[in-house]
Each structure stands twice: as C-alpha cells, then as structure tokens.
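Right, one structure below, let's go through it.
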Amino acid sequence: MGVDARTDRSESGGQRGVETMDGSSTRSVSESIALESRDFDVYYGEDQALRSIDMKIPEGEVTALIGPSGCGKSTFLRSINRMNDLIDVARIDGELYFNGKNVYDDDVDPIALRRRIGMVFQTPNPFPKSIRDNVAFGLRVQDKDEDVDEQVERALKRAALWDEVQDQLDSSGLDLSGGQQQRLCIARAIAPDPEVLLMDEPASALDPIATSKIEDLIEELAEEYTVVIVTHNMQQAARISDKTAVFLTGGELVEFDDTDKIFENPEHDRVEDYISGKFG
C-alpha cells in the first residue's frame, strides 16, 4: 500500500457542485467514501466483539458511533487504524478499506497508516514534555522538522488552544486543565495533517464547559478532516454528527444513516427503544 502517499482530495470526490436549471451552481453533499467495512468481524480470543459490520463512512463529515457499553463501538474505531493489532488475542475477518485500500492487506504498514489516521483517546494523555514538544512530537517522528514552530502554532490554532497557551509553550503539558490537555492531544494528533481523526469519547471525562469547547472544535475540524467519534452521549451525537451508527449488544451494527433520521425516524424498533431510553 502506498500508504505514505496522501490522496489528492480534490480528485477523490470532495464537495461537488451541481448545475441547476438556470445554470447556477449549488453545493452538494460529498459522495466520497473515506472508510468502508465489508462483512467485518473482530474476535478477542473466543469472544466475538463485532459481527459482520458493513458501513460506508463519508469523507469530510462527522460520523458518530453510539450504543450501550460493550457493544463494539470502540473496537470498531480502534480497528480503523489497526490499534487492535496491539492486543495479542485480537483477530479480524472481513475487510476494512481506507481510500479504497484494505488496511489489513499484508503490504500495509500499520505505523504509516496511523500517520494518516490520527486518534484521540478518552482520557487526555499529554506527554511529560512542554506544550511545544507535545505538539511537535509527531512531526519529528515523521521527520517533518522544517518550520516546526509554525506547524505547532497552526495545530494549536486548529485545536482552539493557541490563545490560551501561546505565552507558555515551554511549560509542561501536564500543567494544563483537563479540557486544555484534551485539546493539546487533539493538536498533537492533527499536527502531522492526517486525513482521518478518530476520537474515542473525547469529552467523557470533561466538565460541561470543556465539553462544549470540544464539540465546537469537532465541528470546525470536520471542515478539514473526516471525523469518527465514539460517544455514550446521544445528545452529543445529535448535536455534532452528520451520520450516526447504532451498535447494539452482541457487536451488531443495527442501523447507520443520517443523524436526523436516526434520532427522529429510525428504521428499527430496537434503535428507537435505545434512543428513547428504554434500555442501555
């Protein structure tokens, strides 16, 4: 897999204009698919965590994965950039495509894949380094060490943190508040300019004010990245996502559709029961 070569997004679909009857142009929703799973299963030893997942995640949108605890949301998220490879007993069946390439093909380098698919975890995990060195870490690992200060500033601005920390870049990232630490981790993840950003309950450990900032940030990031987020907060999914996937007990993807439809008129009774709080 030429996984180090970035796809030209302008050629891969993106937002396409549609000509109207009067010759004017309107903006249509992207039809490009960033990620696609086909009959995808994940096992931890003898336990099956995901069952026959078929899903197409569009490029340049926010896709939320919701469902009760233990239903496979995080397992699916971690499968996208092969984080499950780090678990000895994990194995997969089926296919999972990123920009048309199966990420589980033998010629795919997981490390190179993760450079293109960044990840932010549930608990903020800044390194015991300065704010500057936290953001620059991924750049230096990838030998993108030209104009590092400019790239650090750009990432911190994208993560809506620059105004708060620009005068303390040499201070430890561990000295920041929880919400600031999470935005620092987001800045670290996007500094190398990935194409996809995975977020595993990024606001679950934060207070309401910090959560609101993270939600605002996710909407802004979707203008540049494909974002896939796991959340237990259904109201959050309804607020910030374009598409929603509902996983239920047994690792089954029960429904995947536009977020408005999922929350207002779901196809399946089980999804309606979950959304309405009858279980979960």
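The values are calculated or read from the model by the stated rules, or taken from the named source; none is laboratory data. As the structure is a prediction and not an experimental result, all values here were calculated from the model. Here the Cβ is made from the backbone with ideal geometry for all residues, glycine too, and neighbour counts use every protein chain on show.
At-a-glance table
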{"read-out": "Subset of the stretch 194-222 (residues that are without any contact (Cβ under 8 Å) to a residue 60 or more places away in the chain and under 21 Å from residue 80 (Cα atoms))", "value": "203"}
{"read-out": "Residue that is nearest to residue 224 (Cα to Cα) [pool: residues in the stretch 178-194 that are small (Gly, Ala, Ser) and over 14 Å from the mean Cα position of the chain (by Cα)]", "value": "191"}
{"read-out": "Residues that are within 25 Å of residue 212 (Cβ to Cβ) and either without any contact (Cβ under 8 Å) to a residue 12 or more places away in the chain or hydrophobic (A, V, I, L, M, F, W, C) (or both), drawn from the stretch 128-151", "value": "131, 135"}
{"read-out": "Cross-chain or 6+ apart pairs with Cβ under 7 Å, the stretch 67-88 first and closer than 17 Å to residue 38 by Cβ, then assigned to a loop (DSSP other than H, G, I, E, B) and β-branched (Val, Ile, Thr)", "value": "82/103"}
{"read-out": "Search result, residues across the stretch 151-164 that are surrounded by fewer than 19 Cβ atoms within 10 Å (Cβ to Cβ) and in a helix (DSSP H, G or I)", "value": "153, 154, 157, 162, 163, 164"}
{"read-out": "Which numbered condition residue 167 misses (of (1) modelled with pLDDT of 95 or more; (2) farther than 30 Å from residue 36 by Cα; (3) among the charged types (D, E, K, R); (4) in a helix (DSSP H, G or I))", "value": "(4)"}
{"read-out": "Whichever residue in the stretch 103-127 is charged (D, E, K, R) and in contact (Cβ under 8 Å) with a residue 60 or more places away in the chain and, among such residues, is nearest to residue 226 (Cα to Cα)", "value": "116"}
{"read-out": "Evaluation of residue 248 against (1) touching a strand residue (DSSP E or B) at 6+ places or on another chain (Cβ under 6 Å); (2) modelled with pLDDT of 95 or more (one fails), failing number", "value": "(2)"}
